Amino acid sequence: MTNTILVTAASRRGTTLEVAQMIADELRRSGLPVDVLPIKAVTDLSAYSAVVIGSPVHFGQWLPEAVQFLEDHRDALSQMPVAYFTVAMTMHEDTAEARAKTMAFLDPVLAALPEIDPVGIGLFAGKMDRKALPRVEQWVATLNGYPDGDFRNEFSIRTWANLIRDDLTPVHAESIAWEWVYDEIALPANL
Ligand SMILES: Cc1cc2nc3c(=O)[nH]c(=O)nc-3n(C[C@H](O)[C@H](O)[C@H](O)COP(=O)(O)O)c2cc1C
């Protein structure tokens with residue numbers, strides 16, 4: 001049986017895909033095999049034992065291709081551990097209010113696909129560079145009061161990856177726990 005984890009994300013300008021890379025990198029540090037792919041490049045989940053799915057929020061919603069991905073793979077995703085993460089400028093200040101607002105963007109996704117029950121939901125700040133945006137999108141950013149800058153916090157992204165790791169890999173986590181027990185049992189004999 002495969003134990004490879006897929007970390008996949010939708011992204012318009014690469015920010016969320018870079019967050020996906022950080023999550024994958026952190027999971028790999030535990031020795032787990034991890035693939036990272038843009039969401040549109042994923043057609044088949046049979047090679048994976050768990051999936052981490054991310055999208056930025058644009059105009060108050062997850063990108064359509066991320067929602068489509070969940071719909072296309074809903075049967076497979078309802079049978080394996082899944083985690084969601086979202087990248088949004090509302091999180092540029094990490095407060096309880098910002099978290100509630102950012103979670104609300106995900107509520108329609110959770111409600112539309114109740115058979116997928118994520119083991120974790122990561123909420124991360126994104127990046128805003130008005131100069132790189134078309135005029136209309138600059139207005140959206142200004143109307144919403146999003147400041148320019150890269151507000152991604154690599155430490156909180158990596159911490160979240162560690163928090164979800166055991167829930168993504170129940171079998172791996174169990175074998176690590178048993179190794180620990182055996183080490184403990186072996187210890188007195190070595191003294
Ligand atoms: C046109 C546009 C609309 C956006 N709408 C929202 C929004 O409704 N809420 C929010 O928190 N962030 C919003 N953002 C901020 C993005 O979530 C943020 O820039 C993110 O880092 C983009 O990730 P990406 O580079 O992976 O597409 C918006 C950004 C743009 C360019």
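The values are calculated or read from the model by the stated rules, or taken from the named source; none is laboratory data. For clarity, every value in this text was computed on a predicted model and none was experimentally measured. Heads up, the Cβs are rebuilt from the backbone with ideal geometry, glycines too, and the neighbour counts pull from every protein chain shown.
Name the residues in segment 146-171 that are closer than 11 Å to residue 83 by Cβ and either surrounded by fewer than 19 Cβ atoms within 10 Å (Cβ to Cβ) or of a type in the set (Lys, Arg) (or both), would you? Scanning segment 146-171 gives 163, 165, 167. Restrict the check to segment 126-143 and report whether at least one residue is among the hydrophobic types (A, V, I, L, M, F, W, C), farther than 27 Å from residue 83 by Cβ, touching an Asp or Glu at 6+ places or on another chain (Cβ under 9 Å) and within 11 Å of the ligand (Cβ to nearest atom). The answer is yes; a qualifying residue exists.
Of all the numbered requirements in (1) modelled with pLDDT of 95 or more; (2) near the ligand (Cβ under 9 Å from one of its atoms), residue 118 misses one, and that requirement is (2). A Cβ distance below 6 Å, combined with a sequence gap of six or more or placement on separate chains, defines the contacts here; from segment 1-18, residues that are under 14 Å from residue 87 (Cβ atoms) reach residues that are in a loop (DSSP other than H, G, I, E, B) in the pairs 8/42; 10/63; 15/126; 17/11. Restricting segment 143-167 to residues that are modelled with pLDDT of 95 or more and polar (S, T, N, Q) leaves a set whose member that is farthest from the chain's Cα centre (by Cα) is 153. Looking only at residues of segment 52-65 that are without any contact (Cβ under 8 Å) to a residue 60 or more places away in the chain and out of contact with any Ser or Thr (no Cβ under 7 Å at 6 or more places or on another chain), we find that the one that is farthest from residue 142 (Cα to Cα) is 65.
Checking each residue in segment 105-140 for being free of Cβ contacts under 8 Å to residues at least 40 places away in the same chain and in a strand (DSSP E or B) picks out 121, 123, 125, 128. Screening residue 23 against (1) under 12 Å from the mean Cα position of the chain (by Cα); (2) within 13 Å of the ligand (Cβ to nearest atom) leaves a single unmet condition, (2). Does residue 89 meet the test of being in contact (Cβ under 8 Å) with a residue 12 or more places away in the chain, of a type outside the set (Gly, Ala, Ser) and either within 13 Å of the ligand (Cβ to nearest atom) or farther than 22 Å from residue 51 by Cα (or both)? Criteria met by residue 89.
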